[in-house]
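Below is one structure, written out as structure tokens, with a few remarks after it.
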Amino acid sequence: MKIIQELSDMMDEEVIDARKYAKCAKKFKESDPELSRTFAQLANEELSHMEKLHVQAERLIRQYREEHGDPPAVMLAIYDYLHDKHIEKVAEVRMLLS
């Protein structure tokens, strides 16, 4: 299921961009609140994109299970590892935004 890997890579890109925007939001919070709000909005949009991709990855895994049974253990282990990384990165971005 190469598409799961591709979706995971795309999720990484979205979180990386969200972090970049969140850091800018924090940087400009005092000196330019309007710019800060714009960066915060962009960060949240990137997180929304990541969440949409995540929903699709979960859907594809469920679909695979329905059609073929459990995916190979190696594939699930890699997905779980990447999923945990995404959760950590998203938490970091949300902390920057708060």
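Every number here is computed from the coordinates shown, using simple stated rules; none is lab data. Remember, predicted model here, so these are calculated numbers, not experimental data. Cβ: placed from backbone, ideal geometry, glycine included. Neighbour counts: every protein chain shown.
Tabulated data
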| item | result |
| --- | --- |
| Alpha-carbon centroid distance for the pair the stretch 1-23 / the stretch 41-69, whole angstrom | 11 |
| From the C-alpha gyration tensor of the stretch 5-70, square roots of 5λ in Å | 35, 9, 6 |
| When each of K27/K52; K20/K85; K26/K52 is checked by Cα-Cα distance, pairs over 21 Å | K27/K52; K26/K52 |
| C-alpha long axis of helix 73-97 to longest principal axis of the chain, angle in ° | 10 |
| Using alpha-carbon coordinates, inclination of helix 33-68 to the longest axis of the chain, degrees | 0 |
| Loop-located trypsin sites (Lys or Arg not before Pro) in the stretch 1-81 whose Cβ has at most 14 other Cβ within 10 Å (DSSP) | K29 |
